[in-house]
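One structure follows; several queries about it will come next.
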Amino acid sequence: MKQLKEKILTEGIPVNEDILRVDSFINHQVDPGLMREIGKAFASHFADQGITKVATIESSGIAPAFATADALGVPLLILKKQPSKVLNSNLYQTQVASFTKGFNYELTLSRDFISEQDHVLLIDDFLANGEAATGALRLLRLAHATIAGFGVIIEKAFQPGREKLSEQGIEVYALARIGKMSAGHIEFLA
């Protein structure tokens, strides 16, 4: 997606070979116009797959997942990272290791909003090691929902995330694939 790549090059901050800051347009401040285009791109790619719901992990995946769910005309499921005082029963739960945060967290999904009739598209902001996506997939599979695929805004293609998901039979669709990165430098894959 040309508009996204231009935004990454002009506003993204590659800190080192592993960290890319996109605070100004994706995960602290959100560019609504860009999110609408991202949602349309994911909806167009997965258009004829009978998707009944879009899912994401809170919090940086919410904006692109909402835009995608809106473009598809289906509900959005937000998988929670923190235990809730109200959502404490009737949950699917799994442990996920966070590379960014450096610790494990419990990922939860209410059984009230997912079923074996659902065909779910998973959306997130980044794909790197694939741990968060794998945890989300575990939750959706616990509900016996089927998975349409995984849409990601930015893939760090030099990390093993795509391979982990592909080995599970999951189609990965990335809007921007970074092949190499270092402080102040980004190289996209075609």
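Taking all protein chains in place and a 1.4 Å probe, what share, in percent, of the accessible surface of region 35-78 do carbon and sulfur account for?
Summing carbon and sulfur atoms, their accessible area is 50 percent of the total for region 35-78.
In whole percent, and with a 1.4 Å probe on the protein chains, what portion of the accessible area of region 130-173 is carbon and sulfur?
Carbon and sulfur: 51 percent of the exposed surface of region 130-173.
Follow-up question, since we're still on this one. What residues from region 135-153 fall in the zone where the backbone N is under 11 Å from a label point 7 Å along the Cα-to-C-beta line of GLU116?
The answer is 143-145.
Additional query: Run the numbers for LYS2 and PHE158: contour at 0.36 nm per residue of separation, minus the present Cα-Cα distance, in nm.
In short, 54.1 nm is gained.
Could you give the Stokes-Einstein D for region 1-127 in µm² per second, using the C-alpha Kirkwood radius, 25 °C, 0.890 mPa s?
154
Related question: Please work out the Cα center distance from region 5-63 to region 126-190, rounded to the nearest Å.
When both Cα centres are located, 13 Å separates them.
Note down the accessible area of MET35, probe 1.4 Å, to the nearest 10 Å².
That residue has around 10 Å² of solvent-accessible surface.
Express the accessible area of the chain per residue in Å², computed with a 1.4 Å probe while the remaining protein chains stay in the model.
49
Roughly how many nanometres apart are two label points built 7 Å out from the Cα toward the Cβ at SER166 and SER44?
The two pseudo-label positions are separated by 2.4 nm.
Quick check on region 111-190: what does the Kirkwood estimate of hydrodynamic radius come out to from the alpha carbon pairs, in Å?
Result for region 111-190, one decimal place: 13.3 Å.
Ranked from the most accessible area to the least, with a 1.4 Å probe and all protein chains present, what is the order of THR56, THR134?
These residues rank, largest area first, as THR134, THR56.
Give the cross-link partners of LYS40 among the aspartates and glutamates, using a straight C-alpha distance below 13 Å as the criterion and excluding same-chain residues fewer than 8 apart.
Hits, sequence-local ones excluded: ASP70.
The values are calculated or read from the model by the stated rules, or taken from the named source; none is laboratory data. Keep in mind the model is a prediction, meaning the values are calculated, not measured. Using ideal geometry, Cβ is built from the backbone for each residue, glycine included, and neighbour counts are taken over all protein chains shown. These accessible areas exclude ligands, DNA and RNA; they are computed on the full protein's heavy atoms, side chains included. Shrake-Rupley method; radii C 1.70, N 1.55, O 1.52, S 1.80 Å.
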